[in-house]
1. If you check residue 79 against the conditions, is it assigned to a loop (DSSP other than H, G, I, E, B), more than 20 Å from residue 229 (Cα to Cα) and modelled with pLDDT of 90 or more?
2. Could you grab me the full set of residues in the stretch 175-227 that are in contact with a strand residue (DSSP E or B) (Cβ under 6 Å, 6 or more places away or on another chain) and in a helix (DSSP H, G or I)?
3. Inside the stretch 287-320, can you point out the residues that are over 19 Å from residue 240 (Cα atoms) and part of a strand (DSSP E or B)?
4. Would you confirm whether any residue within the stretch 275-286 is under 21 Å from residue 204 (Cβ atoms), without any contact (Cβ under 8 Å) to a residue 60 or more places away in the chain, part of a helix (DSSP H, G or I) and in contact with a strand residue (DSSP E or B) (Cβ under 7 Å, 6 or more places away or on another chain)?
5. Name every residue in the stretch 86-102 that is farther than 15 Å from residue 182 by Cα and not in a strand (DSSP E or B), in order of residue number.
């Protein structure tokens with residue numbers, strides 16, 4: 001009588017319940033299944049604080065881990081083996097026992113301009129004064145106030161489908177919305193993209209980690225760490241680690257009006273990471289911006305480069321801008337307490 005086949009080792013992946021979160025998890029699962037066919041992977045979903053409260057503006061939440069805490073509790077408790085996040089939602093400080101593994105190739109990291117269906121505008125620059133831009137991002141709000149002070153900004157929350165429905169509703173106040181390109185592309189909604197936004201065509205820089213997937217694991221899990229190196233992409237990982245180091249050094253957290261734009265460039269036969277970064281006051285009146293090139297070829301050098309860019313921003317006045325924002329948040333919290 002033949003011996004029973006050995007049971008395959010199964011990994012449980014934690015993620016949020018949204019369509020985009022599940023699709024992103026499937027991308028990771030498929031990549032791991034291809035490189036590790038002897039293992040099985042299943043998914044466990046959980047709603048987070050950010051999912052459960054879609055009325056409060058993101059900038060008004062006290063917590064920075066709106067999208068991660070509940071899932072991290074599952075992993076620390078052993079119910080899931082690793083978590084797939086949108087990296088831009090992951091705070092720069094993780095729980096002591098957790099870390100990020102190597103990252104897969106990044107999707108388009110830019111923001112995009114999405115016009116309300118039926119309206120003729122093809123770019124942010126075409127919008128007439130008083131047009132309403134839908135976004136809940138303090139980063140986008142600040143950059144819009146700086147570059148397009150004639151436009152109005154109104155909060156728009158919910159998953160991508162919800163935000164598009166709010167935008168297109170007949171009685172909607174919005175002329176357009178600004179979203180991350182990556183989510184629309186992954187959901188096959190690229191036909192809704194009116195304009196890709198970057199530093200050259202609109203002066204808009206994107207969020208730290210935008211377009212990348214953060215795969216969070218237990219620090220002690222050497223097997224998963226090694227598995228993720230097989231599907232990892234070094235340039236994505238190093239660029240994102242540098243961006244996160246920049247944000248962590250500035251202590252802005254996920255709500256800081258910090259925009260970045262990273263690219264790999266050839267200089268004198270050597271590949272360097274070029275990072276543009278900007279910190280803007282919420283009213284758009286103060287701004288600190290830098291462009292720095294660095295030698296980045298490891299996690300350690302990526303961390304160091306982020307610190308270098310942060311120091312350059314502080315020299316340009318970023319520290320004072322962030323301190324003022326923090327003071328205003330404290331005052332507002334005291335008033336509403």
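The values are calculated or read from the model by the stated rules, or taken from the named source; none is laboratory data. No experiment lies behind these values; they were computed from the predicted model shown. Every residue, glycine among them, receives a Cβ derived from its backbone with ideal geometry; neighbour counts consider all protein chains shown.
1. Taking the combined requirement at face value, the residue satisfies it.
2. If the condition is that a residue be in contact with a strand residue (DSSP E or B) (Cβ under 6 Å, 6 or more places away or on another chain) and in a helix (DSSP H, G or I), then 181, 192, 224 are the ones that fit.
3. 287, 288
4. no
5. Within the stretch 86-102, 90, 91, 92, 93, 94, 95, 96, 97, 101, 102 qualify.
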